[in-house]
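Enquirer: Please read through the structure below; I'll follow up with questions.
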Amino acid sequence: MAPTSKADRKAALDAAAWMFNIVTSVGIIMVNKALMAKYGFTFATTLTGLHFATTTLLTLVFRWLGYIQPSHLPLSNLMKFVLFGNLSIVGMNISLMWNSVGFYQIAKLCMIPVSCLLEVVFDKIHYSRATKLSILVVLLGVGICTVTDVSVNMKGLIAAIVAVWSTALQQYVSKYGLSIICLQYVHFLQKKYSLGSFNLLGHTAPFQAASLLILGPFVDYWLTNKRVDAFDYNITSVFFIVLSCTIAVGTNLSQFICIGRFTAVSFQVIGHMKTILVLVLGFFLFGREGLNLHVIFGMILAVLGMIWYGNASSKPGGKERRPSYTSPADKSQKLALLAESGDHSDKV
(Lines give C-alpha, C1' and ligand atoms only; values in the text may rest on other atoms or scores of the structure.)
Protein backbone atom coordinates (compact mmCIF):
# COMPACT_ATOMS: atom_id res chain seq x y z
CA MET A 1 0.00 0.00 0.00
CA ALA A 2 2.90 2.29 0.82
CA PRO A 3 4.57 2.03 -2.63
CA THR A 4 1.25 2.90 -4.28
CA SER A 5 0.85 5.91 -2.01
CA LYS A 6 4.42 7.00 -2.77
CA ALA A 7 3.89 6.59 -6.52
CA ASP A 8 0.64 8.54 -6.36
CA ARG A 9 2.36 11.32 -4.44
CA LYS A 10 5.15 11.49 -7.02
CA ALA A 11 2.63 11.55 -9.87
CA ALA A 12 0.74 14.37 -8.18
CA LEU A 13 3.94 16.37 -7.66
CA ASP A 14 4.98 15.77 -11.27
CA ALA A 15 1.59 16.96 -12.51
CA ALA A 16 1.77 20.04 -10.28
CA ALA A 17 5.29 20.90 -11.49
CA TRP A 18 4.20 20.34 -15.10
CA MET A 19 1.20 22.66 -14.75
CA PHE A 20 3.19 25.24 -12.75
CA ASN A 21 5.80 25.47 -15.50
CA ILE A 22 3.24 25.69 -18.32
CA VAL A 23 1.00 28.25 -16.61
CA THR A 24 3.84 30.56 -15.57
CA SER A 25 5.76 30.27 -18.86
CA VAL A 26 2.72 30.99 -20.99
CA GLY A 27 1.29 33.49 -18.53
CA ILE A 28 4.40 35.69 -18.47
CA ILE A 29 4.25 36.09 -22.26
CA MET A 30 0.57 37.05 -22.22
CA VAL A 31 0.97 39.50 -19.31
CA ASN A 32 4.09 41.12 -20.78
CA LYS A 33 2.43 41.53 -24.17
CA ALA A 34 -0.63 43.10 -22.55
CA LEU A 35 1.57 45.40 -20.48
CA MET A 36 3.54 46.54 -23.52
CA ALA A 37 0.86 46.60 -26.22
CA LYS A 38 -2.27 47.61 -24.34
CA TYR A 39 -0.90 49.72 -21.49
CA GLY A 40 2.10 51.24 -23.25
CA PHE A 41 4.85 50.13 -20.86
CA THR A 42 7.46 49.83 -23.62
CA PHE A 43 10.45 49.50 -21.31
CA ALA A 44 11.46 45.89 -21.82
CA THR A 45 14.97 46.23 -20.36
CA THR A 46 13.82 47.90 -17.17
CA LEU A 47 10.97 45.38 -16.84
CA THR A 48 13.46 42.52 -17.08
CA GLY A 49 15.54 44.21 -14.37
CA LEU A 50 12.47 44.36 -12.14
CA HIS A 51 11.90 40.66 -12.78
CA PHE A 52 15.41 39.79 -11.61
CA ALA A 53 15.16 42.16 -8.65
CA THR A 54 12.06 40.25 -7.52
CA THR A 55 13.85 36.96 -8.16
CA THR A 56 16.79 38.21 -6.05
CA LEU A 57 14.39 38.72 -3.14
CA LEU A 58 13.29 35.11 -3.60
CA THR A 59 16.90 33.88 -3.46
CA LEU A 60 17.42 35.83 -0.22
CA VAL A 61 14.41 34.05 1.28
CA PHE A 62 15.78 30.69 0.10
CA ARG A 63 19.17 31.52 1.60
CA TRP A 64 17.49 32.37 4.91
CA LEU A 65 15.54 29.09 4.79
CA GLY A 66 18.73 27.15 4.09
CA TYR A 67 17.96 26.06 0.53
CA ILE A 68 20.96 28.02 -0.80
CA GLN A 69 24.30 27.08 0.72
CA PRO A 70 27.53 29.14 0.53
CA SER A 71 29.27 28.47 -2.80
CA HIS A 72 31.80 29.99 -5.16
CA LEU A 73 31.49 31.05 -8.80
CA PRO A 74 34.45 32.83 -10.44
CA LEU A 75 33.73 36.39 -11.49
CA SER A 76 34.74 35.74 -15.12
CA ASN A 77 32.19 32.94 -15.50
CA LEU A 78 29.57 34.97 -13.69
CA MET A 79 30.07 37.99 -15.94
CA LYS A 80 29.95 35.82 -19.06
CA PHE A 81 26.69 34.27 -17.92
CA VAL A 82 25.19 37.66 -17.03
CA LEU A 83 26.20 39.16 -20.38
CA PHE A 84 24.62 36.47 -22.54
CA GLY A 85 21.72 36.01 -20.12
CA ASN A 86 20.81 39.70 -20.24
CA LEU A 87 21.06 39.82 -24.03
CA SER A 88 18.93 36.71 -24.28
CA ILE A 89 16.09 37.69 -21.99
CA VAL A 90 16.02 41.40 -22.86
CA GLY A 91 16.14 40.47 -26.56
CA MET A 92 13.17 38.15 -26.11
CA ASN A 93 11.15 40.80 -24.31
CA ILE A 94 11.99 43.44 -26.93
CA SER A 95 11.05 40.96 -29.64
CA LEU A 96 7.72 40.41 -27.86
CA MET A 97 7.22 44.18 -27.66
CA TRP A 98 7.89 44.86 -31.34
CA ASN A 99 6.46 41.68 -32.87
CA SER A 100 3.17 39.84 -32.78
CA VAL A 101 2.86 37.05 -30.22
CA GLY A 102 2.76 34.53 -33.06
CA PHE A 103 5.98 35.68 -34.70
CA TYR A 104 7.68 36.05 -31.30
CA GLN A 105 6.94 32.42 -30.47
CA ILE A 106 7.78 31.08 -33.91
CA ALA A 107 11.09 33.00 -33.92
CA LYS A 108 12.03 31.20 -30.70
CA LEU A 109 11.92 27.93 -32.64
CA CYS A 110 15.01 29.16 -34.50
CA MET A 111 16.94 28.17 -31.38
CA ILE A 112 16.63 24.58 -32.59
CA PRO A 113 18.75 25.05 -35.75
CA VAL A 114 21.07 27.55 -34.01
CA SER A 115 21.72 25.14 -31.13
CA CYS A 116 22.28 22.35 -33.64
CA LEU A 117 24.77 24.50 -35.55
CA LEU A 118 26.71 25.18 -32.34
CA GLU A 119 26.71 21.47 -31.51
CA VAL A 120 28.05 20.62 -34.97
CA VAL A 121 30.81 23.23 -34.70
CA PHE A 122 31.83 22.78 -31.05
CA ASP A 123 30.72 19.26 -30.16
CA LYS A 124 31.17 17.46 -33.51
CA ILE A 125 27.61 16.15 -33.27
CA HIS A 126 26.29 14.15 -36.23
CA TYR A 127 22.60 14.30 -37.12
CA SER A 128 20.60 11.70 -39.01
CA ARG A 129 18.89 12.49 -42.29
CA ALA A 130 15.47 12.66 -40.59
CA THR A 131 16.80 15.10 -37.98
CA LYS A 132 18.29 17.34 -40.65
CA LEU A 133 15.05 17.31 -42.63
CA SER A 134 13.07 18.25 -39.52
CA ILE A 135 15.38 21.23 -38.96
CA LEU A 136 14.79 22.31 -42.56
CA VAL A 137 11.03 22.10 -41.98
CA VAL A 138 11.38 24.36 -38.91
CA LEU A 139 13.45 26.86 -40.89
CA LEU A 140 11.00 26.76 -43.77
CA GLY A 141 8.06 27.44 -41.46
CA VAL A 142 9.88 30.32 -39.74
CA GLY A 143 10.89 31.70 -43.12
CA ILE A 144 7.31 31.69 -44.39
CA CYS A 145 6.15 33.49 -41.24
CA THR A 146 8.92 36.08 -41.53
CA VAL A 147 8.25 36.88 -45.19
CA THR A 148 4.45 36.90 -45.06
CA ASP A 149 3.76 38.33 -41.57
CA VAL A 150 2.92 41.97 -42.29
CA SER A 151 3.38 42.90 -38.61
CA VAL A 152 7.09 42.03 -38.73
CA ASN A 153 9.36 45.07 -38.91
CA MET A 154 13.12 45.41 -39.15
CA LYS A 155 13.52 46.38 -35.48
CA GLY A 156 11.49 43.39 -34.35
CA LEU A 157 13.37 41.04 -36.67
CA ILE A 158 16.75 42.24 -35.38
CA ALA A 159 15.58 41.86 -31.77
CA ALA A 160 14.45 38.30 -32.49
CA ILE A 161 17.81 37.42 -34.11
CA VAL A 162 19.79 38.86 -31.20
CA ALA A 163 17.57 37.02 -28.71
CA VAL A 164 17.90 33.66 -30.46
CA TRP A 165 21.68 33.81 -30.87
CA SER A 166 22.40 35.12 -27.39
CA THR A 167 20.16 32.44 -25.87
CA ALA A 168 21.97 29.72 -27.81
CA LEU A 169 25.39 31.16 -26.90
CA GLN A 170 24.42 31.40 -23.24
CA GLN A 171 23.92 27.65 -23.27
CA TYR A 172 27.50 27.05 -24.30
CA VAL A 173 30.75 28.04 -22.69
CA SER A 174 33.59 28.46 -25.17
CA LYS A 175 37.14 28.58 -23.84
CA TYR A 176 39.22 30.11 -26.63
CA GLY A 177 41.93 27.74 -27.80
CA LEU A 178 40.94 25.00 -25.36
CA SER A 179 39.01 21.78 -25.70
CA ILE A 180 35.48 21.48 -27.06
CA ILE A 181 32.70 22.05 -24.55
CA CYS A 182 29.93 19.48 -24.77
CA LEU A 183 27.29 20.70 -22.33
CA GLN A 184 25.19 23.77 -22.05
CA TYR A 185 26.58 26.65 -20.03
CA VAL A 186 24.23 26.31 -17.10
CA HIS A 187 24.94 22.61 -16.70
CA PHE A 188 28.66 23.23 -17.18
CA LEU A 189 28.78 25.77 -14.34
CA GLN A 190 26.70 23.60 -12.03
CA LYS A 191 28.90 20.59 -12.61
CA LYS A 192 32.29 22.33 -12.49
CA TYR A 193 31.62 24.37 -9.36
CA SER A 194 29.20 21.95 -7.66
CA LEU A 195 26.36 24.44 -7.77
CA GLY A 196 22.75 23.54 -7.22
CA SER A 197 20.10 25.23 -9.33
CA PHE A 198 19.16 27.62 -6.54
CA ASN A 199 22.82 28.35 -5.81
CA LEU A 200 23.42 29.37 -9.42
CA LEU A 201 20.29 31.52 -9.38
CA GLY A 202 21.50 33.11 -6.14
CA HIS A 203 24.80 34.06 -7.81
CA THR A 204 23.41 35.37 -11.09
CA ALA A 205 20.07 37.04 -10.25
CA PRO A 206 21.50 39.93 -8.17
CA PHE A 207 24.05 40.84 -10.85
CA GLN A 208 21.47 40.62 -13.61
CA ALA A 209 19.05 42.77 -11.60
CA ALA A 210 21.67 45.42 -10.80
CA SER A 211 23.05 45.65 -14.34
CA LEU A 212 19.60 45.83 -15.96
CA LEU A 213 18.16 48.34 -13.52
CA ILE A 214 21.19 50.62 -13.96
CA LEU A 215 21.42 50.36 -17.75
CA GLY A 216 17.74 49.65 -18.43
CA PRO A 217 16.35 53.21 -18.44
CA PHE A 218 19.11 54.37 -20.82
CA VAL A 219 18.70 51.39 -23.15
CA ASP A 220 14.93 51.79 -23.17
CA TYR A 221 15.22 55.50 -23.95
CA TRP A 222 17.60 54.69 -26.81
CA LEU A 223 15.20 52.07 -28.19
CA THR A 224 11.88 53.90 -27.74
CA ASN A 225 12.78 57.55 -27.19
CA LYS A 226 10.64 57.41 -24.04
CA ARG A 227 11.65 57.80 -20.40
CA VAL A 228 10.58 55.19 -17.89
CA ASP A 229 10.29 57.81 -15.13
CA ALA A 230 7.88 59.85 -17.29
CA PHE A 231 5.50 56.94 -17.81
CA ASP A 232 1.93 57.48 -16.63
CA TYR A 233 1.80 54.98 -13.77
CA ASN A 234 -1.81 54.20 -12.90
CA ILE A 235 -3.46 51.46 -10.88
CA THR A 236 -3.93 49.16 -13.88
CA SER A 237 -0.39 49.48 -15.26
CA VAL A 238 1.18 49.09 -11.80
CA PHE A 239 -0.97 46.01 -11.20
CA PHE A 240 0.28 44.44 -14.45
CA ILE A 241 3.90 45.32 -13.61
CA VAL A 242 3.57 43.65 -10.20
CA LEU A 243 1.77 40.69 -11.79
CA SER A 244 4.52 40.38 -14.40
CA CYS A 245 7.23 40.36 -11.70
CA THR A 246 5.32 37.80 -9.64
CA ILE A 247 4.82 35.43 -12.57
CA ALA A 248 8.47 35.93 -13.57
CA VAL A 249 9.56 34.59 -10.18
CA GLY A 250 7.26 31.62 -10.69
CA THR A 251 8.68 31.04 -14.17
CA ASN A 252 12.28 31.04 -12.95
CA LEU A 253 11.38 28.84 -10.01
CA SER A 254 9.39 26.37 -12.12
CA GLN A 255 12.33 25.92 -14.48
CA PHE A 256 14.55 24.77 -11.62
CA ILE A 257 11.84 22.59 -10.10
CA CYS A 258 11.40 20.76 -13.42
CA ILE A 259 15.14 20.18 -13.94
CA GLY A 260 15.87 16.59 -13.04
CA ARG A 261 12.22 15.70 -12.46
CA PHE A 262 11.26 15.01 -16.07
CA THR A 263 12.78 12.96 -18.86
CA ALA A 264 13.91 14.36 -22.21
CA VAL A 265 10.62 13.28 -23.80
CA SER A 266 8.63 15.01 -21.06
CA PHE A 267 10.61 18.21 -21.59
CA GLN A 268 9.80 18.07 -25.29
CA VAL A 269 6.09 17.54 -24.64
CA ILE A 270 6.04 20.47 -22.21
CA GLY A 271 7.79 22.64 -24.80
CA HIS A 272 5.33 21.63 -27.52
CA MET A 273 2.36 22.38 -25.29
CA LYS A 274 3.70 25.81 -24.38
CA THR A 275 4.38 26.71 -28.00
CA ILE A 276 0.87 25.75 -29.11
CA LEU A 277 -0.76 27.46 -26.10
CA VAL A 278 1.12 30.71 -26.74
CA LEU A 279 0.07 30.72 -30.39
CA VAL A 280 -3.59 29.96 -29.60
CA LEU A 281 -3.87 32.39 -26.67
CA GLY A 282 -2.01 35.07 -28.61
CA PHE A 283 -4.60 34.80 -31.37
CA PHE A 284 -7.59 35.00 -29.01
CA LEU A 285 -6.20 37.70 -26.70
CA PHE A 286 -4.46 39.97 -29.19
CA GLY A 287 -6.48 39.44 -32.35
CA ARG A 288 -5.36 38.85 -35.91
CA GLU A 289 -2.17 40.86 -35.56
CA GLY A 290 -0.24 40.14 -38.76
CA LEU A 291 -2.20 36.94 -39.30
CA ASN A 292 -3.04 35.58 -42.74
CA LEU A 293 -3.23 32.15 -44.37
CA HIS A 294 0.47 32.14 -45.24
CA VAL A 295 1.44 32.94 -41.64
CA ILE A 296 -0.89 30.24 -40.30
CA PHE A 297 0.63 27.72 -42.72
CA GLY A 298 4.15 28.76 -41.67
CA MET A 299 3.26 28.40 -37.97
CA ILE A 300 1.80 24.93 -38.48
CA LEU A 301 4.84 23.90 -40.52
CA ALA A 302 7.29 25.20 -37.90
CA VAL A 303 5.45 23.48 -35.03
CA LEU A 304 5.29 20.19 -36.96
CA GLY A 305 9.01 20.52 -37.68
CA MET A 306 9.66 21.09 -33.96
CA ILE A 307 7.72 17.95 -33.03
CA TRP A 308 9.44 15.94 -35.77
CA TYR A 309 12.84 17.18 -34.60
CA GLY A 310 12.11 16.09 -31.02
CA ASN A 311 11.14 12.60 -32.16
CA ALA A 312 13.91 12.19 -34.74
CA SER A 313 16.75 13.44 -32.52
CA SER A 314 15.72 11.19 -29.63
CA LYS A 315 15.91 8.02 -31.72
CA PRO A 316 19.13 5.95 -31.89
CA GLY A 317 21.49 7.59 -34.38
CA GLY A 318 19.33 10.68 -34.62
CA LYS A 319 21.92 12.73 -32.79
CA GLU A 320 25.31 11.39 -31.81
CA ARG A 321 28.86 12.50 -31.17
CA ARG A 322 31.70 11.49 -33.51
CA PRO A 323 34.29 10.10 -33.24
CA SER A 324 34.26 9.86 -29.43
CA TYR A 325 31.67 7.71 -27.71
CA THR A 326 28.72 9.35 -25.96
CA SER A 327 26.77 7.23 -23.52
CA PRO A 328 22.98 7.00 -23.80
CA ALA A 329 22.71 8.74 -20.43
CA ASP A 330 24.77 11.70 -21.66
CA LYS A 331 22.72 11.91 -24.85
CA SER A 332 19.49 11.86 -22.86
CA GLN A 333 20.82 14.56 -20.54
CA LYS A 334 21.88 16.80 -23.41
CA LEU A 335 18.56 16.23 -25.17
CA ALA A 336 16.71 17.30 -22.04
CA LEU A 337 18.81 20.43 -21.84
CA LEU A 338 18.29 21.17 -25.51
CA ALA A 339 14.56 20.60 -25.17
CA GLU A 340 14.66 23.18 -22.42
CA SER A 341 16.70 25.60 -24.55
CA GLY A 342 13.60 26.85 -26.27
CA ASP A 343 12.20 27.42 -22.78
CA HIS A 344 15.43 28.75 -21.34
CA SER A 345 14.30 32.12 -22.60
CA ASP A 346 11.31 31.65 -20.29
CA LYS A 347 13.59 32.87 -17.56
CA VAL A 348 12.45 36.46 -17.35
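Enquirer: State whether the range 1-97 is rounded, prolate or oblate according to the following rule on the C-alpha gyration tensor (a ≥ b ≥ c being the square roots of its eigenvalues): a/c under 1.5 gives rounded; otherwise a/b larger than b/c gives prolate, and the remaining case gives oblate.
Expert: oblate
Enquirer: To the nearest 20 debye, what is the magnitude of the charge dipole of the range 51-171 about its Cα centre, counting +1 on the Cβ of each Lys and Arg and -1 on the Cβ of each Asp and Glu? Don't skip to the end; give the middle numbers.
Expert: Numbers: 7 positive and 3 negative charges, 24 e Å.
Dipole about the Cα centre, nearest 20: 120 debye.
Enquirer: For HIS126, HIS294, give the ranking by accessible area with the largest first, probe 1.4 Å. List each step's numbers first, then the result.
Expert: Numbers: HIS126 60, HIS294 115 Å².
Solvent-accessible surface, decreasing: HIS294, HIS126.
Enquirer: Let me ask something else about it. Would you kindly state how much longer the chain becomes between ASN225 and LEU117 on full extension, computed as 0.36 nm times their sequence separation minus their alpha carbon distance, in nm to one decimal? Each step should come with its number before you reach the end.
Expert: Numbers: separation 108, 0.36 × 108 = 38.88 nm, distance 3.61 nm.
In short, 35.3 nm is gained.
Enquirer: Taking the Cβ-Cβ separation of ALA15 and PHE218 as r and a Förster radius of 45 Å, what is the calculated FRET efficiency to the nearest 0.05?
Expert: Calculated value: 0.55.
Enquirer: May I pose another question? For the range 1-99, which whole percent of the accessible surface, found with a 1.4 angstrom probe, sits on carbon and sulfur atoms?
Expert: 73 percent
Enquirer: Top to bottom by accessible area (1.4 Å), largest first, where do LYS155, LYS6 land?
Expert: In descending accessible area the options line up as LYS6, LYS155.
Enquirer: Taking the dipole about the Cα centre of the range 32-127, with the C-beta of Lys and Arg at +1 and of Asp and Glu at -1, give me whichever of SER71, THR48, ILE106 is farthest to the positive side.
Expert: Farthest along the dipole direction, towards plus: THR48.
Enquirer: How big is the gap, in Å, between the Cα center of the range 35-57 and the Cα center of the range 76-147?
Expert: 23 Å
Enquirer: Write down the accessible area per residue of the range 1-144 in Å², having rolled a 1.4 Å probe over the full set of protein chains.
Expert: That works out to 42 Å² for each residue.
The values are calculated or read from the model by the stated rules, or taken from the named source; none is laboratory data. Keep in mind the model is a prediction, meaning the values are calculated, not measured. As a convention, Cβ positions derive from the backbone with ideal geometry for all residues, glycine included, and neighbour counts pool all protein chains shown. Areas reflect the complete protein model, heavy atoms only, side chains present, ligands, DNA and RNA absent. Shrake-Rupley method; radii C 1.70, N 1.55, O 1.52, S 1.80 Å.
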